[in-house]
Amino acid sequence: MNENLLRGGLVRLSVEDPESLAKLVSQWCADSEYSRLLDWDPARRASAKTIQKWFEKQQENNDSHIFAIRVLDDDRVVGEIGLDGIRWTHRDCFVGIGLGDRACWGRGYGTDAMKVILRYAFTELNLHRVTLDVFNYNPRAIRSYEKAGFVHEGRQRGMLLREGRRWDVLYMGILKEEWLAANGQQ
Ligand SMILES: CC(C)(COP(=O)(O)OP(=O)(O)OC[C@H]1O[C@@H](n2cnc3c(N)ncnc32)[C@H](O)[C@@H]1OP(=O)(O)O)[C@@H](O)C(=O)NCCC(=O)NCCS
């Protein structure tokens, strides 16, 4: 595979062995704020072994591509990003991202990683659309997705109940033609 395909301006996406990535993810998910930004489920600890099994299962499936996010400056793994639920008939999928290392938030790494995986989705996997959901208490993520080219497509009002308050789930998506218009034929 062309290495440049998985390289952005600030980060690169790498494929890690499930055991080492699972150890990191297990540490990141111990941060309940991180879990709540990422997941609908109640924040809870998951062992590295459980996460490893999940990664191994994903690797066997033909409907997902999971990568670690490595900062180009020092090659450290600081997060994960993945295309999931690929439906080859319709050529659509979901994307999810998390920088587990809080010190890395707000430095452009997440937007760069998203741009890289969109290029991979549209030019290598030949997908037609990529979808994501995000909670309306996560303005950093929403802004990052807008910068990467996602458009707002819908909102489930009051879908989440956290600390006695209801929150909306936003849906955002990007089509291949929109990506091409913004990025040119790559
Ligand atoms: C969401 C995430 C991937 C974004 O990546 P990132 O590298 O932090 O984002 P970037 O630095 O590229 O961009 C963040 C943008 O949000 C803006 N922002 C930050 N906090 C904000 C706030 N409270 N309100 C509005 N905008 C905000 C920043 O100013 C920046 O926009 P700008 O470049 O126009 O100034 C990353 O922060 C992360 O992993 N967070 C924890 C887990 C998570 O939320 N995952 C997503 C679940 S849907």
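The values are calculated or read from the model by the stated rules, or taken from the named source; none is laboratory data. Not measured: the values here are computed from a predicted model. We place every Cβ from the backbone using ideal geometry, glycine too, and count neighbours over all the protein chains shown. Just the protein is used for accessible areas: all its heavy atoms, side chains included, with ligands, DNA and RNA removed. Shrake-Rupley method; radii C 1.70, N 1.55, O 1.52, S 1.80 Å.
Condition check for residue 180 on (1) out of contact with any strand residue (DSSP E or B) (no Cβ under 7 Å at 6 or more places or on another chain); (2) at negative phi; (3) open to solvent by 70 Å² or more (accessible area, probe 1.4 Å): one failure, at (3).
Tell me, please, whether a residue that is in contact with a helix residue (DSSP H, G or I) (Cβ under 9 Å, 6 or more places away or on another chain), in contact (Cβ under 8 Å) with a residue 40 or more places away in the chain and β-branched (Val, Ile, Thr) can be found in segment 108-115. Looking through segment 108-115, none of the residues is in contact with a helix residue (DSSP H, G or I) (Cβ under 9 Å, 6 or more places away or on another chain), in contact (Cβ under 8 Å) with a residue 40 or more places away in the chain and β-branched (Val, Ile, Thr). Is one or more of the residues making up segment 124-139 in contact (Cβ under 8 Å) with a residue 24 or more places away in the chain, open to solvent by less than 10 Å² (accessible area, probe 1.4 Å), more than 16 Å from the ligand (Cβ to nearest atom) and touching a Lys or Arg at 6+ places or on another chain (Cβ under 8 Å)? So far as segment 124-139 goes, yes, one or more of its residues are in contact (Cβ under 8 Å) with a residue 24 or more places away in the chain, open to solvent by less than 10 Å² (accessible area, probe 1.4 Å), more than 16 Å from the ligand (Cβ to nearest atom) and touching a Lys or Arg at 6+ places or on another chain (Cβ under 8 Å). Residue selection: residue 151 fails the criterion of being touching a Phe, Trp or Tyr at 6+ places or on another chain (Cβ under 7 Å) and either farther than 23 Å from residue 34 by Cβ or of a type outside the set (Gly, Ala, Ser) (or both). Considering only residues in segment 87-112 that are within 21 Å of residue 5 (Cα to Cα) and open to solvent by less than 10 Å² (accessible area, probe 1.4 Å), the one that is farthest from the ligand (Cβ to nearest atom) turns out to be 93.
For segment 18-35, taking the residues that are of a type in the set (Asp, Glu) and either in a helix (DSSP H, G or I) or out of contact with any helix residue (DSSP H, G or I) (no Cβ under 9 Å at 6 or more places or on another chain) (or both), the one that is surrounded by the fewest Cβ atoms within 10 Å (Cβ to Cβ) is identified as 33.
Just one of the listed residues (43, 30) is aliphatic (A, V, I, L, M), modelled with pLDDT under 95, more than 15 Å from the chain's Cα centre (by Cα) and away from the ligand (no atom under 13 Å from the Cβ), namely 30.
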